[in-house]
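Working notes, structure below.
The values are calculated or read from the model by the stated rules, or taken from the named source; none is laboratory data. Computed from a predicted model, the values in this text were never measured in an experiment. Here the Cβ positions follow ideal geometry from the backbone for every residue, glycine too, while neighbour counts run over all protein chains shown.
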Amino acid sequence: MSSRKGIPNAGACCVVFSVVCVIAGCGGRSDVTPVAGPTSPAAMESPTGGSDNSLDGSPSPMTPAAADAEPQLPSAAFEMPDDMPTSPRSGLGDLLAGQNLDELFTGEGAGQFGSFELPAIDAERVAAMGIRKIDGRHVELYTDIPADPAVDELPRLFDLAVPQWCDYFEVDPAVAQSWRMAAYLINDKAKFEQAGLLPADLPPFLNGFQRGPELWFYQQPSDYYQRLLLLHEGTHGFMQWALGGAGPPWYMEGVAELLGTHTWRNGQLSLNQFPESKEASPHWGRIKVIKEETEAGQGKSLEEIMRYDATAHLRVEPYAWCWAAAAFFDGNPGCRDVFRRMRKQARDKTYGFSNSFHNSLAKDWVHITRQWHVFVMNMEYGFDVRREAIDRLPAAVLPAEGAVVTIAADRGWQSSGYLLEAGQTYKIVASGRYQVGNQPKPWWCEPNGITLRYHNGAPLGILLGSIVDEDKPPGTASVLATPDVIGMGVETPVDRSGTLYLRINDSPAELSDNRGEFTVRITPVANTSLE
């Protein structure tokens, strides 16, 4: 019997768990034309700045290529090139040697509050150029844009971000009471140059830039992206002030993007919000970049992202990948604590920072990499990283009489906890009733799904399965990205050994309205073999 790639026809009655998909490639595209503001310079921002291009568009379906094997990860994933700067914690071999995790995150790099004194500004000269000042508690905003609610509320937005930055980086809010920045929202670049608010020694930047207590950003075609730029550059400024640095490029830009994505409703701000839709985050475009590059075979591994150097962010695509990595690490319960504790090493801009992070998670890195592939291959607006996180269970040999496992409808992939053997035939039978939606009323479903709605070509809520060899690093492939249908049940031989993983077919953005659980019985069928 031949195997089938991806989610097969919903009417199929049997399945062979033998599919893989390709994600990693040879690097990001260089042929993207940036979308610049009306008066912004043509060049990208300096690597030490904090914003990026706007690339918006409708996501397109992903069609991953197939791979025949799962290549091994490099044994020294973060060995530093000879020409790169190093730090005392830079060697992969001796990281964590003789240390526990608490010791790793103490000492140098714990953060230092700078003075961040605002520059002296000639108020009369600025006013004469048609530039107005809007004061907030933590920011004074200068702009040549006429009075407009979306502009005039920006200082309040910034002020509301400060306690959330304090919370994220574990900074005492009392220490930040008097911290302030100067922000310049620019429509006509020449006015700011003549007013002395746009220094000639600033490097060219496309959309936004931060240096010390000042940040600059150009007027944008959407209010969301304009707010995001202010929050992005403000995050850079806060990290420099509170932590004494912002880490290497992937961490610096990833965290700024992470804390730049937001919701702003009725004067209330929430940072670190996975964008819920294209319409809610116009001109941001990071998801589009990731989907397009992944489809083109140019998706990035976590190792590639962590190797970005100081020049990487002269292009658009690294911003998207750094945001994705930060959103993944921060949202996944298995990575979150270690990722957030890296703030204590924010002064370290070298590969030593990435080595420390990697080695802190080394025992789970293969599992983390597999989850990253699933995340990227299924990338969409509203992706629920926490619910899609995969709990790895100790896998046991399936008893001769079989076993019953329980699967939650509101989670992504879940381990059955049982190993299936290549060449053996198994009978898998699912039963139960669960909810897969709640609007306008609850949508009840059984393991064969509901045909009123489809996701990825199969009925919503139908049971999916895949077999994972958890001892083999996924390299460029993950079988979980292209599962097969089980539905109410199948009886089939399997052609690869590994742990059986199960889930219902639903969007990673729509798990939160699911309710309930169901059971799956797995039974070996005697005296059969794979032909």
Exercise. Regarding Val255, is this residue β-branched (Val, Ile, Thr), touching a Ser or Thr at 6+ places or on another chain (Cβ under 8 Å) and in a helix (DSSP H, G or I)?
Worked result: yes
Problem set entry | Among the residues listed as Ala296, Ala324, Ala312, the single one being closer than 15 Å to Pro249 by Cα and modelled with pLDDT under 95 | Ala312
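Determine which member of the set Gly254, Gly267, Gly299 is crowded, with 24+ Cβ neighbours inside 10 Å and either outside the structural domain of Asp167 (by TED's automatic domain parsing) or closer than 30 Å to Ser178 by Cβ (or both).
So the residue among Gly254, Gly267, Gly299 that is crowded, with 24+ Cβ neighbours inside 10 Å and either outside the structural domain of Asp167 (by TED's automatic domain parsing) or closer than 30 Å to Ser178 by Cβ (or both) is Gly254.
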Exercise. Being more than 29 Å from His455 (Cβ to Cβ) and touching a strand residue (DSSP E or B) at 6+ places or on another chain (Cβ under 8 Å), is that true of even one residue in segment 406-420?
Worked result: no
Exercise. Does Gln435 satisfy being among the polar types (S, T, N, Q) and free of Cβ contacts under 8 Å to residues at least 60 places away in the same chain?
Worked result: no
For this session: Go through segment 262-277 residue by residue and tally those that are in a loop (DSSP other than H, G, I, E, B) and over 13 Å from Trp165 (Cα atoms).
Result: 7
Exercise. Are any residues in segment 130-169 buried (at least 20 other Cβ atoms within 10 Å of the Cβ) and farther than 28 Å from Val255 by Cβ, and if so, which ones?
Worked result: Ile131, Asp144
Exercise. Thr406: at pLDDT 95 or above, surrounded by 17 or more Cβ atoms within 10 Å (Cβ to Cβ) and not aromatic (Phe, Trp, Tyr), yes or no?
Worked result: no
Seminar exercise, completed: Checking Arg343, Arg347 in turn, the sole residue that is more than 14 Å from the chain's Cα centre (by Cα), closer than 23 Å to Asp167 by Cβ, buried (at least 22 other Cβ atoms within 10 Å of the Cβ) and in contact (Cβ under 8 Å) with a residue 60 or more places away in the chain turns out to be Arg343
Exercise. Does segment 492-524 hold any residues that are touching a Ser or Thr at 6+ places or on another chain (Cβ under 7 Å) and at pLDDT below 95, and which are they?
Worked result: Thr492, Pro493, Asp495, Arg496
Problem set entry | Residues located in segment 311-336, provided they are among the small types (Gly, Ala, Ser) and under 13 Å from the mean Cα position of the chain (by Cα) | Ala320, Ala324, Ala325, Ala326, Ala327, Gly331
Problem set entry | Condition met for Ala127 (part of a loop (DSSP other than H, G, I, E, B), touching a strand residue (DSSP E or B) at 6+ places or on another chain (Cβ under 9 Å) and small (Gly, Ala, Ser)) | no
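Condition check ((1) under 28 Å from the mean Cα position of the chain (by Cα); (2) in the same structural domain as Glu124 (by TED's automatic domain parsing); (3) closer than 19 Å to Gly130 by Cα) across all residues:
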{"position": "Asp172", "(1), (2), (3)": "yes, yes, no"}
{"position": "Val175", "(1), (2), (3)": "no, yes, no"}
{"position": "Lys189", "(1), (2), (3)": "no, yes, yes"}
{"position": "Ala195", "(1), (2), (3)": "no, yes, yes"}
{"position": "Ala200", "(1), (2), (3)": "no, yes, no"}
{"position": "Asn207", "(1), (2), (3)": "yes, yes, no"}
{"position": "Tyr225", "(1), (2), (3)": "yes, yes, no"}
{"position": "Leu229", "(1), (2), (3)": "yes, yes, no"}
{"position": "His236", "(1), (2), (3)": "yes, yes, no"}
